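Below is one structure, written out as structure tokens, with a few remarks after it.
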Amino acid sequence: MKNDHLDRLSNSKPKRILSLDGGGIRGALSLGYLKKIETILRKKENNPNYVLSDYFDLIGGTSTGAIIASLLALGKPVDEIKDMYMELGGEIFAGKRNWWNPLETYRFFKSEFSEKSLVKNLKKYLGDITLGSERIKTGLCIVAKRADTNSTWFFLNHPKGLFYESNQNIPLWQLLRASSAAPSYFIPQSIDIGNGEIAAFVDGGVSMANNPSLNLLMIATMKRFPFKWKVGEENLKLVSIGTGYTEYHKHAKQIDESWLLSWAKSVPDMLMQDASWQNQIMLQWLSKSPTAKEIDSEMKDLKDDCLYEKPTLNYLRFNICLSENSLNGLGLNREFTFRDIKDIAEMSNAGNRYLLYDIGKESAEKEVLSIYFK
């Protein structure tokens, strides 16, 4: 990062953070929200070329969110990222392993999809750009899970970061391949992390940070991290964008009769949703968020339950419930059924990517208000 950009990372002036969830092809939904935010900011700044890296001082994401975050941090407009994302998504989730191909049979038992298209497209869009590249226009955080030590890693481009020297020359495409290596979907990504040490990384969503918003707040404000930004809603804004979530409704009898395989399929999603809601609970507890959602019938939305006398930050969360009621209320000129919801929620169904974008865009028209970005 150039010296004239270092003030974006320093502890001066109010700071803004953008956090992007993981969620496979459902990242297309978050692009709909991002388009609305970019449109609001362009109107506010009276500048048709204004991009989100001009506004946010730190952009971070997990898995599909990390891919979008990196492209945003490079200064690309949302429409350009959308075009890239639709091409990328259409190719990588079309590359299923072929059981009958002798060269693929071995890997068939390791992952459902081939990583070749993902790597090819990441290299195509990112080339030789590294984490420490001067072409990155703002703070960037890529979340990945180091599987061989069971530790969540936050790759930062801040030149004063503890691990910046050893990480700055890692290609962005490799970090994004690591962050999106969802177990069973793609094989892990090995990365040379310096001193001859090779680490094996998987999807950052296999952690508490599939929704990385709370982690980004910690990174921005904790003393052991390089940013050390001031807290307070007048000093710190955090905008968190999801990839849609589903309602979990089953009859007690169905749970009682669940088999081993059905539990194996259900547990990861249950834990991922719990982690995301825990993030949201903490951030709503630390703020007086105008977008606060009801957590449950006991806690409600926490608007009257701020942890400290003064809010720690200005927090905005945008996400949509993928339910029949929510989607049928968007005005998309179609009737969504329960079967549709299951299909839309599938994170590897690339055929839904344009519909997911439209869902995010229409939801943003209702949720994302210009008064939030004064």
Highest-fluctuation residue, Y308, Y125, Y85 considered, GNM on the chain with Cα pairs under 10 Å: Y308
K237 long-range amide H proximity, modeled H, under 5 Å: K15, R16, I17, N314
Förster radius 35 Å - calculated FRET efficiency between D305 and K230 (Cβ-Cβ, nearest 0.05): 0.90
Kirkwood Rh in Å, taken over the chain so that all alpha-carbon pairs contribute: 21.2 Å
Inter-site label distance for K342 and R42 at 7 Å from Cα along Cβ, in nm: 4.0 nm
For the chain, built as a Gaussian network whose Cα springs stay under 10 Å, the top-fluctuating residue of S166, S323, S207: S166
Hz values of 3J(HN,Hα) by residue in segment 293-306 - Karplus curve (6.51, -1.76, 1.60), Gly and Pro given as x: 9, 6, 7, 7, 5, 8, 7, 6, 9, 6, 5, 9, 9, 5
Residues whose placed amide H lies under 5 Å from that of L322, excluding near-sequence neighbours: Y245, T246, E247
Nearest-20 debye value, the chain charge dipole, Cβ charges on Lys, Arg, Asp, Glu: 840 debye
Surface accessible to a 1.4 Å probe, V368 within the full protein complex, Å²: 0 Å²
Set of aspartates and glutamates with alpha-carbon distance to K342 below 14 Å, sequence-local pairs under 8 removed: E247, D269, E324
Gaussian network model of the chain, springs between alpha carbon atoms under 10 Å - residue of K145, K15, K223 with greatest fluctuation: K223
Amide proton proximity set for L140, modelled H, under 5 Å, gap of 5+: I59, N157, H158
Distance in nm between pseudo-label sites at D148 and E134 (7 Å out along the Cβ direction from Cα): 3.4 nm
In order through segment 178-183: 3J(HN,Hα) via Karplus (6.51 cos²θ - 1.76 cosθ + 1.60), integer Hz, x for Gly, Pro: 5, 5, 9, 7, 5, x
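The values are calculated or read from the model by the stated rules, or taken from the named source; none is laboratory data. The structure displayed is predicted, hence computed values, not measured ones. Virtual Cβ from ideal backbone geometry, glycine too; neighbours counted across all protein chains shown. Areas reflect the complete protein model, heavy atoms only, side chains present, ligands, DNA and RNA absent. Shrake-Rupley method; radii C 1.70, N 1.55, O 1.52, S 1.80 Å.
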